[in-house]
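Only one structure is covered here, and it is reproduced in the block below.
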Amino acid sequence: MGNMSLEFLDVRLIFVLSMLWVGGVFGKGVKAEGRSLHHRAKNSAVFDVMSFGARADGRTDDSNAFMAAWKEACQSTGRVHITIPKGTYIIGPLKFSGPCLNVSSLTLRVKGYLKATTDLRKYGFGGGWLEFAWMEGLTLTGGGTFDGQGARAWPHNKCPTDSKCKLLPTSLKFVAMNKTVIRGLTSVNSKFFHIALVECHNFKGSRLKISAPETSPNTDGIHIERSSSVYFSLSHIATGDDCISVGQGNSHITITSITCGPGHGISVGSLGKYPDERDVSGLVVKDCTMTGTTNGIRIKTWANSPSNSAATNMTFENIVMNNVTNPIIIDQLYCPFTSCTSKAPSRVKLSDIYFKNIRGTSSSEVAVALECSEGIPCQNIYLEDVHLDLSSGEKQATSSCNNVKAKFSGTQIPPPCT
């Protein structure tokens with residue numbers, strides 16, 4: 001009798017435990033009322049946009065599914081993953097905002113092909129197609145592609161000729177982010193910038209492929225502004241504007257192993273256009289290759305700057321120029337428009353700038369142009385081991401210098417200007 005009672009209790013206990021498991025009391029099991037929108041793997045929550053209604057058919061607007069997945073993920077805890085499987089998704093514009101208070105890291109793994117909506121009425125002024133803001137610990141990876149579908153928008157871009165133009169949307173915009181990684185992604189045909197960082201810190205980008213036609217306006221590959229401790233490497237950029245542009249207020253920026261071209265090269269600036277711009281310092285650009293670009297390394301500041309600012313402690317090292325129009329250029333009379341109203345000198349002070357081991361070919365006769373501000377001449381500009389021949393193989397390239405205190409050492413081809 002006693003043995004039979006124990007066996008009966010064991011059966012009842014097993015039954016109760018099994019019901020508790022199905023009901024989700026223990027762990028994160030499948031709920032009895034239906035399929036969960038996420039699952040856990042290796043102590044991390046995984047959210048798949050397909051579980052939130054994404055169709056990935058290249059016709060349906062999947063924006064709601066993406067936002068629903070983000071909302072659930074951001075409200076989760078610990079390590080979180082959002083997966084975007086292979087397929088074609090029409091989305092945007094979308095803003096993925098934090099803070100995600102209980103999330104230690106969030107990985108967005110994009111394997112699909114994401115296409116931006118082409119209806120410009122849906123985008124806000126100066127906004128982005130996909131904007132990530134106010135969070136820490138984001139990793140964006142997966143080998144997927146972001147297609148800005150810019151061809152239909154480019155005819156509406158008046159910025160090359162109008163200083164009061166309406167800005168088109170940037171494809172990937174990062175605002176006030178910390179400890180961010182983007183890796184192994186492709187961006188094509190952005191309407192405006194491909195990638196933009198504003199007020200970001202501890203940001204790493206690598207193995208990126210960025211492309212737009214050479215004639216596409218303002219399609220900068222990467223723009224960095226008011227950010228610190230930023231590192232970009234091992235990427236190929238071919239655009240209609242700067243491959244990388246380093247704007248105002250940046251510090252400790254490192255750019256390495258970038259292949260650039262076509263495009264406008266790697267630029268600092270433009271600086272000095274707006275009041276109260278912050279200084280730029282601690283920039284390192286090294287081990288890069290420019291091919292067929294309109295500039296190689298360019299520092300550009302506006303004439304008639306509304307206030308004083310500075311750019312200092314910048315190093316450009318081990319750069320190869322292949323048929324580049326302006327391999328080394330400092331332009332403190334920068335004006336991209338057909339005419340500028342003032343010729344007052346720039347108030348941006350340039351100092352402690354190093355060009356080391358710059359070699360290759362120039363398609364323009366003037367391979368080194370140091371055109372500094374008459375009001376605040378450049379100071380401590382160092383050129384060490386510069387060897388730039390003319391692409392044509394004809395006569396030797398030349399240098400041009402104004403309002404600059406430059407120091408030369410090692411190989412100097414073209415000969416340094418006095």
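The values are calculated or read from the model by the stated rules, or taken from the named source; none is laboratory data. Everything quoted here is computed from the prediction, not taken from an experiment. Quick reminder, even Gly has a Cβ in these numbers, built from the backbone with ideal geometry, and neighbours come from all protein chains shown. In case anyone asks, the SASA skips ligands and DNA or RNA and just uses the protein heavy atoms, side chains included. Shrake-Rupley method; radii C 1.70, N 1.55, O 1.52, S 1.80 Å.
What accessible area per residue, rounded to a whole number of Å², is obtained for the chain using a probe radius of 1.4 Å?
Heavy-atom SASA per residue in the chain reads 46 Å².
Is the C-alpha gyration tensor of the stretch 97-152 telling us rounded, prolate or oblate? Criteria: a/c under 1.5 is rounded; beyond that, a/b larger than b/c is prolate, otherwise oblate.
oblate
Would you mind checking which residues have amide H under 5 Å from H81's amide H? H placed 1.01 Å from N; only 5 or more apart, or other chain.
Placed amide hydrogens put A45, V46, F47, T107 under 5 Å from H81.
Which semi-axes, in whole Å and largest first, does the equivalent ellipsoid of the stretch 231-322 have when worked out from the alpha carbon gyration tensor as the square roots of 5 times its eigenvalues?
So the equivalent ellipsoid measures 24, 15, 10 Å along its semi-axes.
Give the lysines reachable from K343 as a straight Cα distance under 25 Å; neighbours fewer than 8 places away on the same chain don't count.
In chain and number order, the partners are K158, K164, K273, K300, K405.
Taking Cβ-Cβ under 4.7 Å as the only way to count a partner, pick out the unpartnered cysteines of the chain.
C200, C288
Taking the chain as the reference, fit the longest principal axis to its C-alpha atoms, fit the long axis of helix 2-23 to the helix C-alpha atoms, and give the angle between the two in degrees, 0 to 90, nearest 10.
Relative to the chain, helix 2-23 is tipped by roughly 30 degrees.
Taking the Cα atoms of the stretch 118-276 alone, what are Rg (to one decimal) and Dmax (as a whole number) in Å?
14.4, 40
Please give the direction-averaged projected area of the C-alpha convex hull for the stretch 187-245, in square nanometres with one decimal.
3.5 nm²
Rounded to two decimals, what is Rg over Rh for the stretch 46-115 when you use alpha-carbon atoms and the Kirkwood radius? Kindly include the intermediate steps, with their values, before the conclusion.
Working: Rg = 11.7 Å, Rh = 12.1 Å.
Taking Rh as the inverse mean 1/r over Cα pairs, Rg/Rh reads 0.97.
Add +1 for every Lys or Arg and -1 for every Asp or Glu among the other residues with Cβ under 14 Å from the Cβ of D220, and state the total.
0
Set Lys and Arg Cβ to +1 and Asp and Glu Cβ to -1, take the dipole of the chain about its Cα centre, and tell me which of V324, T239, T139 lies farthest positive.
Checking the options against the dipole of the chain, the answer is T139.
How many nm is it between the label spots at E199 and K158, if each spot is 7 Å from the Cα in line with the beta carbon?
Label-label distance for E199 and K158, simple model: 2.9 nm.
Treating only the Cα positions of the chain as identical point scatterers, give the base-10 log of I(q)/I(0) from the Debye formula at each q in 0.09, 0.14 Å⁻¹.
Evaluating at q = 0.09, 0.14 Å⁻¹ gives log10 I(q)/I(0) of -0.61, -1.21.
Considering the dipole of the stretch 271-401 built from charges on the beta carbon (Lys and Arg +1, Asp and Glu -1) around the Cα centre, which of N313, L390, A344 is farthest to its positive end?
The listed residue farthest towards the positive side: A344.
The stretch 367-418: which trypsin sites (Lys or Arg not before Pro) are DSSP loop and have at most 13 other beta-carbon atoms within 10 angstrom?
K395
Which entries in K115/K204; K115/K166; K191/K286; K173/K204 show an alpha-carbon gap greater than 18 Å?
Violating the 18 Å limit, Cα to Cα: K115/K204; K115/K166; K191/K286.
Per residue of the stretch 304-313, what does 6.51 cos²θ - 1.76 cosθ + 1.60 with θ = phi - 60° give for ³J(HN,Hα)? Whole Hz please, x for Gly and Pro, Karplus curve as stated.
6, 4, x, 8, 7, 7, 8, 10, 8, 6
Might you report the magnitude of the Cβ-based charge dipole of the stretch 134-180 about its Cα centre, with Lys and Arg at +1 and Asp and Glu at -1, to the nearest 20 debye?
Approximately 200 debye in magnitude.
By how many degrees, between 0 and 90 and to the nearest 10, does the Cα long axis of helix 63-74 differ from the longest principal axis of the chain?
Approximately 80 degrees, to the nearest ten.
If each DSSP helix of 4+ residues adds -39,500 (n - 2.57) and the sum is divided by the residues in the chain, what number results at 222 nm, nearest 500 deg cm²/dmol?
Helices in the chain give a 222 nm mean residue ellipticity of -2500 deg cm²/dmol.
Dipole of the chain, Cα-centred, from +1 at each Lys and Arg C-beta and -1 at each Asp and Glu C-beta, to the nearest 20 debye?
880 debye
Given q = 0.14, 0.18, 0.21 Å⁻¹, what are the Debye log10 I(q)/I(0) values for the stretch 272-369, with equal point scatterers placed on the Cα positions and solvent ignored?
For the requested q values the scattering log ratios are -0.58, -0.89, -1.07.
Using each residue's phi in the stretch 350-359, evaluate 6.51 cos²θ - 1.76 cosθ + 1.60 at θ = phi - 60° and report the 3J(HN,Hα) Karplus result to the nearest Hz, with x for Gly and Pro.
With the stated coefficients, the stretch 350-359 comes to 10, 7, 6, 10, 10, 10, 10, 6, 9, 9 Hz.
Based on DSSP loop calls and a cut-off of at most 11 other Cβ atoms within 10 Å, the longest stretch of the chain free of exposed GluC sites (Glu not before Pro) is what?
Values: sites that count: E33, E394.
Here the longest run is 34-393.
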